[in-house]
Each structure stands twice: as C-alpha cells, then as structure tokens.
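See below for the structure under consideration.
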Amino acid sequence: MNIKKVGLTALAGSLVATSAFAGSLSLSGGAKMSYVTKEGTIVSGTASDNVASGISMDQEISASGSGELDNGFTVTLSHGLSGSGAEGSDSSVLTLDMGDLGTLSYDDTDGHGGLASLEDKMPKAYEEANDGLGTTATKANMAKMASGQGFAYSNNVGDVALSIQYSDDLGATTNRTDGGQDTTAASKNSSSSVGLTYSMDAITVFGGVGTEGQSDGKELDHTTLGATYAFGPATVGYQLNDEDDSAAGGTDLETEIYGISFMVNDSLSISYAEHNTDKASSAVDQEAESIQASYSMGGMSINLKDSEMTGVGHTAAKNHETTEILVTFAF
C-alpha cells in the first residue's frame, strides 16, 4: 500500500560517478501481523532451552522510484528500511532494465542472483521447509549458495532464464556517498555463480554452479539441480544441492529437498516439504519438514506453517519446532 509520496534525491553513482538524478520516491509498507510459537533444545541441547514465542508486526518500509533514460533503458532505485534490525534492513538496490539486453542490478546487502536464486525452488504454500528453524549458526548447515552484496545480471533466451551474480564481499553498505569510505581490508570471500531455469508446459528444470571464497583462502564449490512438474491442481518437485569444501579436512554438505503443493480452490492452497542435509563428517543428518497452508479472502491473506527440525546443526540432542500464523492486509 502507498503511504505517501516524498521528494528525495536518488544518487545514481553506481552508474555514473559524477552524475545524479532527482526524482520522486514512493513510500510503501505492509500491514502484517504474525503469531509464532517455538520450542525445542536448539541452544544447549537440553529441555531447559528458552525459545522465544509471541506476537509481532512488520516494521519494514520501502522507498522506491524509477525513471527512463534517453536510450529507453529504465532505472529503478529502492531502499528497504526496518526498525527491527531484521535481515535485509537498510538495504539498497539499483536496477538497470536494458530491455532485450537483460537486467543488471546492484544490491548492497542481500542479493539473490545466480545460485542464490535457486536455493529452494520447491512448490510451497508459504515458505521454505527450514524457514524459521535452527539458529543463525545452524542455518548455514544446508548446502546452498549464500546471498549477499553484489552485482546480478538476468535475461531470458527463449524458454531459458539466465541469472548471474558476483560479489566482492567488501561491505559496500559503509561505502556510500553520504559517509566515509570503507576501510575494510581486501576480502577473500568473493563469490560468483550462474543459474539456468528452463520451463516448458508443466515441467520446469533448473540448475547451476558457483564458487564461494572463504576467510582461509579456500573455496566452496556449489552445484544445484532440480525439477518441478505440475499436473492439474498439484505440483511436485525434487532438488539436490551440493557443497564441496576445497580445504583439506573441510566440510562437505549435500541437501535433498522434496515438495508437493495442492490448490484446493482459487483461495486455498496446501503444501508439504522436507529438507534433509547430510554432513560428510557427521553421522547425524539435519532434517526439516513443514506442513503449510495459504488462504486469501479479498484483501486479506492468512499463511500458516507447522515445521520441525531434528539434528539441528548435525547434533542429535538438538531439535526445534515452530508454528506460525501470518495475517496480511492489502488496501
């Protein structure tokens, strides 16, 4: 929903270092309220672990605007602001739509191009099966290409969608025109990846490869391959993510993802999915499963999920359960 329009100056220094364009940015936000319950032993592996539950509201506001260049290209700028300190807060994205030449963008916080865009392509009513499960540390225990600051390029060639991303991981959020220069040392964590998605009738096939640098100078090599098939109101899918650590004694991960969704009617959809991650150096698999439903009625939508993870962080004694109800109003 549009809250109001304000006149701001949008700096396009990423395209032309000495030029800027002025425009009107529209402020928008969402009327969202959720209730979440959590329980489990994800902290210390004991029943005394305290896992927070409760009611919350969305605090994110987005400012965005666009304009057309003399050559017909379109420039779009968006700033995401959040008072909660959540992932993606205070992010900025600058996008150049070049028509048949494709789209080039720069995200200074949380880009999802290349393989990051294929993290989990399974059919779902609401979120990924492992969403909201585990801790910040254990969320990395799924084989996937990390998202982050960087450039992304996308284009369509016939029925094939191409997505490429590159990041130098230099923390560009502190290197803006309204502040001092970033003094961060040269990073060893640069990454690059490419993803392809082919769609034909009811079948979608996708895959890609990528390389992610680490602080030790070694690399993580990623591959992803999967497919979905739709028949009537149902869609099924399978995906395999693989992560190989080039360091001697490094950790290799392999994640299998299954999913099925069903459209009960135009308003109601349900889904079930699993994430099963095998860690080469551990006998314990990290396994997540989730049952979800989504219902819309006019300008109101309700999303529900009941999810569980065992072997959190590949530790047998740790488990996590969460139930979430999200109500969204559009007006």
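Taken together, the values in this text are just the output of simple stated rules run on the coordinates, not laboratory data. No experiment lies behind these values; they were computed from the predicted model shown. Because the Cβ atoms are built from the backbone with ideal geometry, glycine has one as well, and the counts that use them run over all protein chains shown.
Brief remarks on what is shown
- Span from the the stretch 269-323 Cα centroid across to the the stretch 23-46 one, whole angstrom: 16 Å
- Added length on full extension, which subtracts the Cα-Cα distance from 0.36 nm per residue, T46 to A330: 98.1 nm
- Summing charges over all other residues whose Cβ lies under 12 Å from the Cβ of T138, with Lys and Arg as +1 and Asp and Glu as -1, gives +3.
- The label point for E39 and the one for I61, both projected 7 Å from the Cα toward the Cβ, are 3.9 nm apart.
- A Förster radius of 35 Å, combined with the Cβ-Cβ distance separating S53 from D242, puts the computed FRET efficiency at roughly 0.50.
- Our coupling estimate for the stretch 38-47, obtained by passing each phi through the Karplus curve with A = 6.51, B = -1.76, C = 1.60 and θ = phi - 60°, is 9, 8, x, 10, 6, 8, 10, x, 10, 5 Hz, Gly and Pro reported as x.
- Gain upon complete extension [S215, A283; 0.36 nm per residue less C-alpha separation]: 21.8 nm
- Set K121/K305; K38/K218; K38/K121 screened for pairs whose C-alpha atoms are more than 29 Å apart: K38/K218
- Taking other residues whose beta carbon is less than 10 angstrom from the beta carbon of K32, and scoring Lys, Arg as +1 and Asp, Glu as -1, yields -2.
- Applying 1/(1 + (r/R0)^6) with r as the Cβ-Cβ distance of T135 and L101 and R0 = 45 angstrom yields a FRET efficiency of 0.60.
- J(HN,Hα) series, the stretch 265-276, from Karplus relation 6.51 cos²θ - 1.76 cosθ + 1.60, nearest Hz, glycine and proline x: 7, 5, 9, 10, 9, 10, 7, 9, 8, 9, 10, 10
- Residues S190 and N71, FRET efficiency given R0 of 41 Å [Cβ-Cβ distance, rounded to 0.05]: 0.85
- Between H275, A316, S191, the Cα set farthest toward the positive side of the dipole of the stretch 190-331 (charges on each charged residue's Cβ, about the Cα centre) is that of H275.
- Sum of side-chain charges, T323 neighbourhood, beta-carbon under 11 Å (Lys, Arg +1; Asp, Glu -1): -3
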